[in-house]
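Take a look at the structure set out below.
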Amino acid sequence: MNSRLILTVIALPLLAVAIAFATTGVFTPPPVRGSFDVLPGSERIHLSRAVGPESLVFDPSGGGPYTGVADGRVLKWNGGDWVEFAVTSSQREKCSHPFNPAMEHICGRPLGLRFHQKTGDLYIADAYLGLQVVGPEGGMASQLVREVEGQPLRFTNDMDIDDKEDVIYFTDSSTEFYRREFMSSVLTVDMTGKLMKYDITRKEVTVLLRGLAFANGVSLSKDHSFVLVAETTRCRIVRFWLQGPNAGKHDIFAELPGFPDNIRRNSEGDFWSLFTQRRDSLQNWRLLTRG
């Protein structure tokens, strides 16, 4: 029995105990001011024969939204229903709808999505298949980056695009765990995540930050002077400076009351981040630290 399997066997019972404590009120999550002000008025758009929508983007013409789902497809909302727009793997024979967990690494799992505003191309961060791109008409995505520094990308997660410089900032959540093992990454405080830059013209990758605890969402500032990356396990957002006197350095941008996933910027320059859950008992159940 390998160490990863042993870790999973240990982690699951502990997680069950943590959840049991949380549901009985032993641990009380901190209050989130204004947390009930927005979502009650939202509208649900249901998926048919699909699960696990991840990331939402609109194309340069305002069409969409588009989202990646668990069976490896990227779907587009056409105003009345969801239609298939793109896939990240050509091996689709056993990729059943809505989801076949055993085939995730074959079918692909599109996570982060971003459109290039000048070309209309859709860039895709696939958890298993790396950084990809598909044209404005959709179809089969093409591979851009599958490995960095001679090592395969294990958990490609999110990205943002600098259309002026033609570079992509993207994350690899872990060099130890795959997406389907994400809970092990959280419980062990795995700190092998990275923030990277991909030069579209030169086809070169540069590692900007290492040692991140579950590197997740990515967003550029409005003036492109810095890029934010969510550290899910540490419940915080890190800022990496791209310009100015602090260029090349990083600091803590925000400590959060929950576990952040994606980060998105609005037209005013403000940032929005979705929490997978509030900061609670899970932070008291760390098995060991990796990094």
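The values are calculated or read from the model by the stated rules, or taken from the named source; none is laboratory data. Keep in mind the model is a prediction, meaning the values are calculated, not measured. Note that each Cβ is placed from the backbone with ideal geometry, even for glycine, and that neighbours are counted across all protein chains shown.
Please work out which one of (1) surrounded by fewer than 22 Cβ atoms within 10 Å (Cβ to Cβ); (2) touching a residue at least 12 places away in the same chain (Cβ under 8 Å) is the condition residue 122 fails and give its number.
It fails just one condition, (1).
If we keep just the residues of segment 153-195 that are among the hydroxyl-bearing types (Ser, Thr, Tyr) and within 17 Å of residue 208 (Cβ to Cβ), which is surrounded by the fewest Cβ atoms within 10 Å (Cβ to Cβ)?
Out of the qualifying residues, it is 175.
Only one residue in 126, 59, 121 is of a type outside the set (A, V, I, L, M, F, W, C), within 22 Å of residue 175 (Cα to Cα) and at pLDDT 95 or above. Which one?
126 is the lone residue from the list that is of a type outside the set (A, V, I, L, M, F, W, C), within 22 Å of residue 175 (Cα to Cα) and at pLDDT 95 or above.
Consider residue 258 carefully, then state whether it is among the small types (Gly, Ala, Ser) and in contact with a Cys (Cβ under 7 Å, 6 or more places away or on another chain).
Yes: the conditions hold for residue 258.
I'm trying to understand the selection: among the residues of segment 58-80, which are of a type outside the set (D, E, K, R), within 22 Å of residue 103 (Cβ to Cβ) and part of a loop (DSSP other than H, G, I, E, B)?
If the condition is that a residue be of a type outside the set (D, E, K, R), within 22 Å of residue 103 (Cβ to Cβ) and part of a loop (DSSP other than H, G, I, E, B), then 69, 70, 72 are the ones that fit.
Among the strands (runs of 3 or more DSSP E) contained in segment 144-257, which hold 2 or more residues that are hydroxyl-bearing (Ser, Thr, Tyr) and under 16 Å from the mean Cα position of the chain (by Cα)? First the steps, then the outcome.
Working: elements: 156-162, 167-172, 193-199, 204-212, 215-220, 226-231, 236-241, 250-255.
In segment 144-257, 167-172 are the strands (runs of 3 or more DSSP E) which contain 2 or more residues that are hydroxyl-bearing (Ser, Thr, Tyr) and under 16 Å from the mean Cα position of the chain (by Cα).
Could you look through segment 206-244, keep only residues that are charged (D, E, K, R) and touching a strand residue (DSSP E or B) at 6+ places or on another chain (Cβ under 7 Å), and pick out the one that is nearest to residue 167 (Cα to Cα)?
222
Please state which of the following conditions residue 203 fails to meet, knowing it meets all the rest: (1) at negative phi; (2) in contact with a strand residue (DSSP E or B) (Cβ under 8 Å, 6 or more places away or on another chain).
Unmet for residue 203, out of (1) at negative phi; (2) in contact with a strand residue (DSSP E or B) (Cβ under 8 Å, 6 or more places away or on another chain): (1).
Which condition breaks for residue 125 when tested against (1) small (Gly, Ala, Ser); (2) assigned to a loop (DSSP other than H, G, I, E, B); (3) touching a Phe, Trp or Tyr at 6+ places or on another chain (Cβ under 7 Å)?
Residue 125 satisfies all of (1) small (Gly, Ala, Ser); (2) assigned to a loop (DSSP other than H, G, I, E, B); (3) touching a Phe, Trp or Tyr at 6+ places or on another chain (Cβ under 7 Å) except (2).
Pairs needed: first member in segment 153-168, in contact (Cβ under 8 Å) with a residue 24 or more places away in the chain and over 22 Å from residue 231 (Cβ atoms); second member anywhere, surrounded by fewer than 22 Cβ atoms within 10 Å (Cβ to Cβ) and of a type in the set (Lys, Arg); C-beta distance under 8 Å; at least 6 residues apart or different chains.
As it stands, the answer is 163/118, since those pairs meet every condition given.
Residues are listed down the side, and each one gets a yes or a no for (1) at pLDDT 95 or above; (2) in contact with a Gly (Cβ under 8 Å, 6 or more places away or on another chain):
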| site | (1), (2) |
| --- | --- |
| 198 | yes, no |
| 208 | yes, no |
| 213 | no, yes |
| 221 | yes, yes |
| 224 | yes, no |
| 231 | yes, yes |
| 244 | yes, no |
| 247 | yes, no |
| 250 | yes, no |
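I'm told residue 89 meets every condition in (1) in contact with a strand residue (DSSP E or B) (Cβ under 7 Å, 6 or more places away or on another chain); (2) within 21 Å of residue 145 (Cα to Cα); (3) assigned to a loop (DSSP other than H, G, I, E, B); (4) of a type outside the set (Lys, Arg) except one. Can you identify the failing condition by its number?
Only one criterion is unmet by residue 89, namely (1).
Just to verify a result, which residue in segment 202-234, among those that are aliphatic (A, V, I, L, M) and under 14 Å from residue 265 (Cα atoms), is surrounded by the most Cβ atoms within 10 Å (Cβ to Cβ)?
The qualifying residue surrounded by the most Cβ atoms within 10 Å (Cβ to Cβ) is 230.
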